[in-house]
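Down below is the structure, laid out as structure tokens.
The values are calculated or read from the model by the stated rules, or taken from the named source; none is laboratory data. Nothing here was measured: the structure is a model prediction, and the numbers come from that model. Positions of Cβ are backbone-derived with ideal geometry, glycine not excepted, and every protein chain shown enters the neighbour counts. Protein only, heavy atoms only, side chains kept; ligands, DNA and RNA dropped before computing areas. Shrake-Rupley method; radii C 1.70, N 1.55, O 1.52, S 1.80 Å.
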Amino acid sequence: MSLTLFYYLAITAIYILMSWSIYIPYRVGQLHFMTVANMAVSAYFAALMAINFAWPFWLVLIAGTLLGALIGFLVSNAIGDAPCFAVVIVGFTFIYLTKTIIENVEAFGGPLGIFSIPKVLSASADNRTLLLIVAYALVLITGFLITRFDHSRLGRAASAIFIDRDLAVSFGVDVKKMGMFLQTWASAVGGMAGVMYSFIMRSVSPNHFTFHLIGICMTMLFVGGYTTMWGALLAAPILWGFPLILPEALQSWNIVIYGVLLIVVLVIKPEGIITRPMVKKIESLLSGKRKKV
Amino acid sequence: MEILIAQIFNGLSIGSIYVLLVTGFNLLLLVAMIIHFSFPVVVVFSMYISWVVMTLTGSVTLGVVGGIASAIIVNMITAPMFQHIMKDRGSVDINATMVISMGMGMVITDILSHTFNQGFPIAFPDALTGNDQGALISVGLVSISRGQVLTLVIGVLFVAFLFWLLYKTRAGRAFRAIAEDPNGAKLVGIPLLKTGFQSYALTGILGGVTAVLMAVLLGSASAGLGDQLGHKVLAVSIIAGLGNLTGGLIIGLLLGILEAIIQGYLAGSWSNAIAFIVMLVVILAKPKGVFGSKL
Amino acid sequence: MLSIKGVSKHFGGLKALKEVSFNIDDNQIHGIIGPNGSGKTTLFNCITGLLDVTAGNIYLDDTEITGIPAHEISNLGIRRTFQQGKLVPSMTVVENVMSGIFDFSRNDIGDTFFRRPFSKSKKESELRAQAIEMLDLLGLSASADRWASDLVWAERQFVQIARAVVSKPKLLLLDEPASGMGHAETQEVGELIKKIKEMGITPVVVSHDMKMLMNVAEMVTVLNFGDNIFEGTPTEVQKDPGVLEAYLGAE
Amino acid sequence: MAQNDSILKINNLSVAYGHVQALNDISLDVKRGEIVVLVGANGAGKTSIMETVLGANVPVSGDIEFKGMHIGGVPVDKNVRNGMFLVPEGRGVFSSMTVMDNLLLGAHHNLKNSTEKLELVFESFPVLGERRTQVAGTLSGGERQMLAIARALMSSPEMIMVDEPSIGLAPIIVNDIFEILVNLNKEGYSILLSEQNVYKALKIAHRGYVLETGKITKSGTAEELLNDEAVREAYLGA
């Protein structure tokens, strides 16, 4: 496998996870950019543990995910039922805070970051294959859990909160608990993505976790369609991939292209490319075929 | 002690920039009902245009005019986009305007970081900033530059002008009526669309003036400046209470002073983070803002 | 069933409810009427916990429900509908009705997240069956798989009622169930309210459609300016001079 | 002009909000110098008629003539300029703005002579003159209703539409408000009034229309309606 292909596939998986981590709390209408901070924290945590204490990959992965969940849970106690703007600002605060700490504290490598994170397997090719398998297994698991959520009573309750909180409350839904659950889950996914990122890139630096990352993930989510999980899944590989095949001169303009795309989609088709009726139709087509057989 | 006095003065001048930006943000929020998160990015864009005009023509006056004009033009061009998603006001999620505005910010910031000056930070000529003339007042460690005084004076005058416009004129009355009750304003015969466009033009002028003042005060600009200011403006307006003009004024100045004091005593980029932590605490303690939301 | 004792609600200086007291009896259709702005919807919001009362107490059977969180009140068996016909437009009709049942317990986490792949949740199937049954009862089963955003106004109101009834509450608060409906549809709503009562649920109806309300209600409370000025059977209400004064300004 | 004595004429008007039919084939007219009252329960369509005439709603079908001009689909600000004004239900004054600001908003389209108009208004409503610098939110219900009516006068209208002026007001104050309306009518303003306080309204009106779920079920002179059972029925359903 060529290095380019490996990076393309691996980073696509990271973007899918990160877009989903924004999708999950957006089910109740909250833009929880906190997950980018979780990603940074867990990425640095993974790098330090793997280098200084020689923790094995699996342990780091589990601990990094739990670390994300823990931070997310603590914060969600305060903003579980906060309005969207307040959640956005809390996210920004944590990103600034994380960035400032990793830039200024000597132990975290300062502006240059941390290098030479160990491979999981000694042979380069094996290492790459393993990381890809793990990354896509995580995508699969997360996607599976999200589908289960979306097709359950919890998912319906979340949709009701998105439309109107008073409405959801009238069915007996605890809005704060639901927000806390989703934020914690999203932060765990962010942490998971951070650990994977560390091991895939084998280096971490403050410039990796910028506001660009928010912009890219948001574009993937809103262009793909925020009403289902499939939007981000489809948009991530395409949006991340197409700048790579553009002529060299245009490649560096990808953020401009993302921004324009985001605006155009929101103005023309606010619910994004993939909508729930579309998914339903495909599902019924598939199950129809199964019945015939 | 002298450091403290010097930094308070520094803080007041940077604070008056925050106040101008927050006032523009709040005006758009109140009258046009949009969360124009990237308003400060437009302002930084105008700084760049002003710089381009200055370097091309060598004239400071033309640069100032160009900067102000560009802010008005950008605001007026992007207005229809926001008006489109606000067509049936109320039924549209106000978050959508925030996301669109973020998209706009992404585009402008990236264009700035690619095209002008090959993406390097720009520096404004001394003829504008007056840095070559040295400090205006200098007592011991306290030294106050021409730019600082200019920013503070014009900032205060401009905010005073805005308040006069809002509270004493026909257009301002219409703005306030729409802010309080769009439907009621419609019923007394205030044209919503037209007044909305007026508010875009007004915030455009406000943005242009702010851009020039920032050029004078900071003397330089970089592509990332807009994002940073954007986050701060959103934070200040949330803490003051969304749409609360007087609250924005007070919190904006306080934030400027707080940051300046931290900068006086702590090295590195800590001032940003500490300012945000203070804001975080306030948000968690008072989710509706210190002075109450006007939304 | 429900007793309201001296409930007041003030918004700043505005007194929306002034020491309102009355009882709602078991298995009886209770109507609440009053001129515009007399505090009917405010009263509903106070009962369901969306608003905190300024003074007074509300009891469901013998438990006091003033001050407990709104979602817990709902779980105690008080459900409501909204005047504006709030549905989730991105869900189908049957999903909207299913969302009315939300008794999520710890055991359900396994059932929701950690079932075998491709297996169907037993509880979900049960919920769907209940929802379909409810739609059948209302004659809406043909629309079960339509998107809620495609429904016309009257259908929205019916689906809303189905969503509230499907959880078998003790008390059902209907806020203007016939608003914006034509004559025939309004009559259907009236019939439906009677059917709901037969299911053992106590309906409380706020409506400005007097014909329908007087037809179905067995007991009527009249509110005016936040006071309850009269209570009685529909015939008594129509003859009461105080009520006539409030409504018609008769001298 | 054939109907030069009609200031407002509505023919076969229908209005819908989304899927909801709010008005169905409404025809009515208001003659110059008349008080016409619309009577009907909440939700019968009184407010819809007024907002449609004003231009805040777009009719599905039908025709509205104001002073002989067709005004279906004309925006509110043009209609206000042409000489009509609505005193909205629940008064609709801006409670965070001063009495003075509220009055000037009535004259938003034409601030010429506004000082003279203000003087006239303060003469007829001395209470408002005393409180001109107060914020409207601090006024009592009756004073707010006066402010809303005074604001209408500031726009120099020929026809004033008053939507449910008695809501939430004590009976004595309702009498005051009705007296004000009668006096305005004597000064030459045509008034289209909607009221739930039927009998009081019919006593000051010249003619009336009874509305039930978006349709006119009865019309006639005020006296005819005062003695008609249909009015009672429209309200109490019996």
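Among the residues of region B:33-54, which ones are open to solvent by 10 Å² or more (accessible area, probe 1.4 Å) and modelled with pLDDT under 90?
B:33, B:37
Can we say residue A:168 is more than 11 Å from chain C (Cβ to nearest Cβ) and either without any contact (Cβ under 8 Å) to a residue 24 or more places away in the chain or of a type in the set (Lys, Arg) (or both)?
Numbers: more than 11 Å from chain C (Cβ to nearest Cβ): no; either without any contact (Cβ under 8 Å) to a residue 24 or more places away in the chain or of a type in the set (Lys, Arg) (or both): yes.
Here the answer is no, as residue A:168 does not meet what is asked.
Conditions: (1) within 25 Å of residue A:99 (Cα to Cα); (2) open to solvent by 30 Å² or more (accessible area, probe 1.4 Å). Residue A:270 meets all but one. Number of the miss?
Of everything listed in (1) within 25 Å of residue A:99 (Cα to Cα); (2) open to solvent by 30 Å² or more (accessible area, probe 1.4 Å), residue A:270 misses just condition (1).
Considering only helices (runs of 4 or more DSSP H) fully contained in region B:109-195, which possess at least 3 residues that are within 20 Å of the chain's Cα centre (by Cα)? Talk me through it step by step, then tell me what you get.
Values: elements: B:126-129, B:146-168, B:170-180, B:182-187.
Here the list reads B:146-168, B:170-180.
Give the residue that is most open to solvent (accessible area, probe 1.4 Å), with candidates limited to residues of region B:172-191 that are touching a helix residue (DSSP H, G or I) at 6+ places or on another chain (Cβ under 6 Å) and in contact (Cβ under 8 Å) with a residue 12 or more places away in the chain.
That would be B:179.
Which pairs do you get when a residue that is more than 8 Å from chain D (Cβ to nearest Cβ), found in region C:165-184, comes within reach of a residue that is among the charged types (D, E, K, R), reach meaning Cβ atoms under 6 angstrom, with the pair 6+ apart or on two chains?
Filtered contacts from region C:165-184: C:169/C:79; C:172/C:79; C:173/C:80; C:178/C:209.
Give the residues of region D:129-156 that are under 17 Å from residue D:186 (Cα atoms) and open to solvent by 10 Å² or more (accessible area, probe 1.4 Å), sorted by residue number. Steps first, please.
Here is the first cut: in region D:129-156, the ones under 17 Å from residue D:186 (Cα atoms) are D:149-150, D:152-153, D:156.
Correct list: D:153, D:156.
May I ask you to list the residues in region D:50-86 that are touching a Pro at 6+ places or on another chain (Cβ under 8 Å), within 8 Å of chain B (Cβ to nearest Cβ) and open to solvent by 40 Å² or more (accessible area, probe 1.4 Å)?
D:75
I need the full set of residues from region A:250-291 which are closer than 26 Å to residue A:14 by Cα and of a type in the set (Gly, Ala, Ser), in order please.
The answer is A:252, A:259, A:272.
Keeping to region C:217-229, report how many residues are over 22 Å from residue C:17 (Cα atoms) and crowded, with 21+ Cβ neighbours inside 10 Å. Step through it out loud before you land on a result.
Narrowing region C:217-229 to residues over 22 Å from residue C:17 (Cα atoms): C:217-218.
Then keep just the ones that are crowded, with 21+ Cβ neighbours inside 10 Å; that gives C:217.
Counting residues in region C:217-229 that are over 22 Å from residue C:17 (Cα atoms) and crowded, with 21+ Cβ neighbours inside 10 Å gives 1.
Quick one: what pairs do we get from region B:14-37, first residue of a type outside the set (A, V, I, L, M, F, W, C), second part of a loop (DSSP other than H, G, I, E, B) and open to solvent by less than 10 Å² (accessible area, probe 1.4 Å), C-beta under 7 Å, 6+ apart or different chains?
Note: pairs meeting the criteria are B:26/B:243.
Which of the residues that make up region C:121-131 are surrounded by 15 or more Cβ atoms within 10 Å (Cβ to Cβ) and part of a helix (DSSP H, G or I)? Explain how you work it out, then say what you get.
Going residue by residue through region C:121-131, those that are surrounded by 15 or more Cβ atoms within 10 Å (Cβ to Cβ) are C:121, C:123-124, C:127-128, C:130-131.
C:123, C:124, C:127, C:128, C:130, C:131, listed by residue number.
Mind listing just one residue for me: the one in region D:96-132 that is more than 18 Å from residue B:169 (Cα to Cα) and outside any helix (DSSP H, G or I) and, of those, farthest from the other protein chains (Cβ to nearest Cβ)?
So the residue we want is D:125.
Conditions (1) touching a Lys or Arg at 6+ places or on another chain (Cβ under 7 Å); (2) more than 13 Å from chain C (Cβ to nearest Cβ); (3) more than 17 Å from residue C:35 (Cα to Cα); (4) open to solvent by 10 Å² or more (accessible area, probe 1.4 Å), marked per residue:
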{"residue": "D:172", "(1), (2), (3), (4)": "no, no, yes, yes"}
{"residue": "D:190", "(1), (2), (3), (4)": "yes, yes, yes, no"}
{"residue": "D:211", "(1), (2), (3), (4)": "yes, no, no, no"}
{"residue": "D:216", "(1), (2), (3), (4)": "no, yes, yes, yes"}
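Of all residues in region C:98-120, how many are surrounded by 16 or more Cβ atoms within 10 Å (Cβ to Cβ) and in contact with a Ser or Thr (Cβ under 7 Å, 6 or more places away or on another chain)?
4
I'd like to check something: does region A:86-108 contain any residue that is touching a strand residue (DSSP E or B) at 6+ places or on another chain (Cβ under 8 Å), over 30 Å from residue A:28 (Cα atoms) and not in a helix (DSSP H, G or I)?
Checked region A:86-108: no residue is touching a strand residue (DSSP E or B) at 6+ places or on another chain (Cβ under 8 Å), over 30 Å from residue A:28 (Cα atoms) and not in a helix (DSSP H, G or I).
Which one of C:26, C:52, C:61 is without any contact (Cβ under 8 Å) to a residue 60 or more places away in the chain, under 30 Å from residue C:232 (Cα atoms) and more than 13 Å from every other protein chain (Cβ to nearest Cβ)? If you could, list the steps in order and put the result at the bottom.
On the way: C:26 fails: without any contact (Cβ under 8 Å) to a residue 60 or more places away in the chain; C:61 fails: without any contact (Cβ under 8 Å) to a residue 60 or more places away in the chain.
Every option except C:52 fails the conditions.
Can you tell me which residues in region A:146-164 are within 19 Å of residue C:82 (Cα to Cα) and touching a residue at least 40 places away in the same chain (Cβ under 8 Å)? Before the answer, list the steps.
As a first pass, look at region A:146-164 and keep what is within 19 Å of residue C:82 (Cα to Cα): A:156-164.
Within region A:146-164, A:158, A:159, A:161, A:162 qualify.
Can you find, within region D:174-188, the residue that is least open to solvent (accessible area, probe 1.4 Å) among those that are in a helix (DSSP H, G or I) and among the charged types (D, E, K, R)? Working first, answer last.
Going through region D:174-188, the residues in a helix (DSSP H, G or I) turn out to be D:174-186.
After this cut, where a residue has to be among the charged types (D, E, K, R) as well, the list is D:176, D:179, D:186.
Values: D:176: 70, D:179: 114, D:186: 159 Å².
Among those that are in a helix (DSSP H, G or I) and among the charged types (D, E, K, R), it is D:176.
Within region B:221-238, is even one residue open to solvent by 60 Å² or more (accessible area, probe 1.4 Å), at pLDDT 85 or above and in a helix (DSSP H, G or I)?
Taking region B:221-238 as the starting set, the residues that turn out to be open to solvent by 60 Å² or more (accessible area, probe 1.4 Å) are B:228.
Restricting the remaining residues to those that are at pLDDT 85 or above gives B:228.
Now restrict to residues that are in a helix (DSSP H, G or I): B:228.
Among the residues of region B:221-238, at least one is open to solvent by 60 Å² or more (accessible area, probe 1.4 Å), at pLDDT 85 or above and in a helix (DSSP H, G or I), which makes the answer yes.
Take region A:29-85 and flag every residue that is small (Gly, Ala, Ser), part of a helix (DSSP H, G or I) and surrounded by fewer than 20 Cβ atoms within 10 Å (Cβ to Cβ). Please lay out each step first, then the result.
Filtering region A:29-85 for residues small (Gly, Ala, Ser) gives A:29, A:37, A:40, A:42-43, A:46-47, A:50, A:54, A:63-64, A:68-69, A:72, A:76, A:78, A:80, A:82.
Then drop every residue that is not part of a helix (DSSP H, G or I), which leaves A:37, A:40, A:42-43, A:46-47, A:50, A:63-64, A:68-69, A:72, A:76, A:78.
Within region A:29-85, A:63, A:78 meet the criteria.
So which helices (runs of 4 or more DSSP H) are wholly in region A:175-293 and hold at least 1 residues that are under 30 Å from residue A:115 (Cβ atoms) and under 21 Å from the mean Cα position of the chain (by Cα)?
Per the criteria, A:175-201, A:211-224, A:230-245, A:254-268.
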